[in-house]
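The values are calculated or read from the model by the stated rules, or taken from the named source; none is laboratory data. As the structure is a prediction and not an experimental result, all values here were calculated from the model. Reconstructed Cβ throughout: ideal geometry from the backbone, glycine too, with neighbour counts over all protein chains shown. For the accessible areas, the whole protein counts, side chains as well, though only heavy atoms, and no ligand, DNA or RNA atoms are used. Shrake-Rupley method; radii C 1.70, N 1.55, O 1.52, S 1.80 Å.
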Amino acid sequence: MTPSARLSAAIEVLADIDARRRPAADALKDWGLSHRFAGSSDRAAIAGLIYDALRRKASAAFAMGEDTPRAALLGMLRLERKMDSSAIAQLADGGRFAPPPLTDAERARLDAGNLDGAPPWVAGDYPEWLDSHFAATFGDERVEEGAALASRAPLDLRVNTLKATREEAAEALAELAPAPTRWSPQGLRIVLAADARSPAIHAEPAFIKGLIEIQDEGSQLAALMADAKPGQQVIDLCAGAGGKTLALAAAMENKGQLYAADDDKRRLAPIHARLERADVRNVQVRTPRGATDVLADLAGHADLVLIDAPCTGTGSWRRNPDAKWRVRPGALELRIKEQAGLLDRAAALVKPGGRIAYVTCSVLATENGDQVRGFLRRHPEFAVVPVAETTAALGERAFLFRRAVLAMEEGLLMTPRRTDTDGFFVAVVRKS
């Protein structure tokens, strides 16, 4: 397919997403099934156009003066991919399989290419109803923080230190040119161009042999700051597919006992194969059984409980740009209740002197600092571990990391703008 044909296809798919209010992945899959002539590189390029348009949906509509799939794609090419109007006109020239030519009004809008007068939620590309939440967290910097959340994420890998060093893993992936991550001592990063196809990491021998896992650097750092030690009793309360479970097991050097649990056994399904591939031997998976509390025997015994809490996912918008336009106030209210319940449950599992590491991939104060303050009011036997102590696990990187993050009394917040990671909140509290 020509670049112009790819642009036409992207406009078609985006129209389907808007009309049927469906996830982008579903619309792209259906398009691929009905257009089997499109090769893998074509599908990857079209997906890249779609996801970039969703990242810049609000600002592109403002810049183009209309909210249509065509305007979203043309505006994105100008704002995100920095193409000038002449380059865009070569794609939209009215030729065979190409979009219709630019109108005079469209060319004028593209030539202007600015967001002068745009309200914060438009310039920052986030839903208007979240503006008060972004203001509460970021104040006057919310536009810049929102825009960073709308950028494309790199591909981050965590080296499984049970099986390899970072240097050995990098050598095994040399053809992908991975670079060491800035903060995580176990991370490798592969930067992708806007129209690049994501590498087939799952087919790499290094992945098959368990040397690496796909994990954002922010998620790696959250697991490091939980500070699990060899020989401890540790509970991963929301283990899901096991990403942080694997990181905790590596930190524990397969010594001690790590319990992986989740309220939804379907989320736990992939964890067994991942544990085997990573050569993890100190994990017990506690699969839920009806109303039975599968962790009841551990009450008051845990050195550490990690809560990778269910949340709105506002910190992961770089990877899920269509999700930000589907999030609703009702979902936030539900998540807040779930988070409070998980914190209270963890309090009963921790022994005196033990810790709870509370993590979200959200940038909203109501899911982060507010939750920690509410927990401390309900459980005065706990106190916040200072950020300086929490970040000590990062070693020589800790000082600069503390200067980069948004630190607060309850914990710290990573963001794409500040730390070049996904948005992650981390708080650690200790039982007296």
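Quick notes on this structure:
- Toward the positive end of the charge dipole of the chain, with +1 on the Cβ of Lys and Arg and -1 on the Cβ of Asp and Glu, the farthest Cα among Pro205, Ala174, Phe382 is that of Pro205.
- Vicinal HN-Hα couplings computed from phi for segment 354-368 (Karplus, 6.51 cos²θ - 1.76 cosθ + 1.60; Hz; Gly/Pro x): x, 10, 10, 9, 9, 10, 9, 9, 10, 10, 8, 4, 5, 9, 10
- Loop-located trypsin sites (Lys or Arg not before Pro) in segment 71-134 whose Cβ has at most 13 other Cβ within 10 Å (DSSP): Lys82, Arg96
- A simple count of charges around Thr421, restricted to other residues whose Cβ falls under 14 Å of its Cβ and scoring Lys, Arg +1 and Asp, Glu -1, yields +3.
- Rounded to the nearest 20 debye, dipole of segment 18-102 from Cβ charges on Lys, Arg, Asp, Glu: 220
- Percent accessible area from carbon and sulfur atoms, the chain, protein chains only, probe 1.4 Å: 52
- Placing a label point 7 Å from the Cα of Ala348 along the Cα-to-Cβ direction, the residues of segment 238-257 whose backbone N falls under 17 Å of that point are 238.
- Amide H contacts of Gly354 (H built 1.01 Å from N, in plane; Pro and chain starts excluded): Lys431 sit under 5 Å, all sequence-distant by 5 or more or on other chains.
- Per residue value of the accessible surface for segment 232-387 (all protein chains in place, 1.4 Å probe), Å²: 40
- Surface analysis of segment 14-116 yields an accessible area of 49 Å² per residue, using protein heavy atoms and a 1.4 Å probe.
- Qualifying aspartates and glutamates (Cα of each under 15 Å from Cα of Lys82; at least 8 residues distant if same chain): Asp52, Asp111, Asp195
- Matching label, Rg/Rh (Cα atoms, Kirkwood Rh) computed from the structure shown, candidates (i) 0.99; (ii) 1.50; (iii) 1.12: (i)
- Extension gain, Asp30 back to Val191 (0.36 nm per residue minus Cα-Cα distance, nm): 55.1 nm
- Cα centroid of segment 247-299 to Cα centroid of segment 186-206, whole Å: 27
- Within segment 215-285, trypsin sites (Lys or Arg not before Pro) in DSSP loop having at most 13 other beta-carbon neighbours inside 10 Å: Lys255, Arg281
- Computed from point charges on the beta carbon alone (+1 for Lys and Arg, -1 for Asp and Glu), the dipole magnitude for segment 280-343 about its Cα centre is near 400 Debye.
- Candidate lysines for bridging to Lys255, where Cα separation is under 27 Å - those fewer than 8 sequence places away on the same chain excluded: Lys163, Lys209, Lys229, Lys244, Lys265, Lys351, Lys431
- DSSP bridge pairs, the chain: antiparallel proportion in percent, nearest 5: 60
- Rounded Å value of the spacing that divides the Cα centres of segment 19-70 and segment 345-376: 38
- Lysines whose Cα lies under 17 Å from that of Lys324, excluding same-chain neighbours fewer than 8 positions away: Lys57
- Rounded to whole numbers, the Karplus 3J(HN,Hα) couplings from phi for segment 235-250 are 10, 9, 6, 10, 5, x, 6, x, x, 6, 4, 4, 5, 5, 4, 5 Hz, using 6.51 cos²θ - 1.76 cosθ + 1.60 with θ = phi - 60°, and x at Gly and Pro.
- Comparing Ala118, Ala251, Ala60 in a Gaussian network model of the chain where C-alpha atoms under 10 Å apart are linked, the largest mean-square fluctuation is found at Ala118.
- Loop-resident trypsin sites (Lys or Arg not before Pro) (DSSP state other than H, G, I, E or B) in segment 291-352 with no more than 16 further Cβ atoms inside 10 Å of their Cβ: Arg319, Arg326.
- Karplus-derived HN-Hα couplings along segment 181-192 (A = 6.51, B = -1.76, C = 1.60, θ = phi - 60°), whole Hz, x at Gly and Pro: 5, 5, 10, 6, x, 10, x, 10, 10, 10, 8, 10
- Taking the Cα centre of segment 176-228 as reference, the dipole from Cβ charges on Lys and Arg (+1) and Asp and Glu (-1) amounts to some 140 debye.
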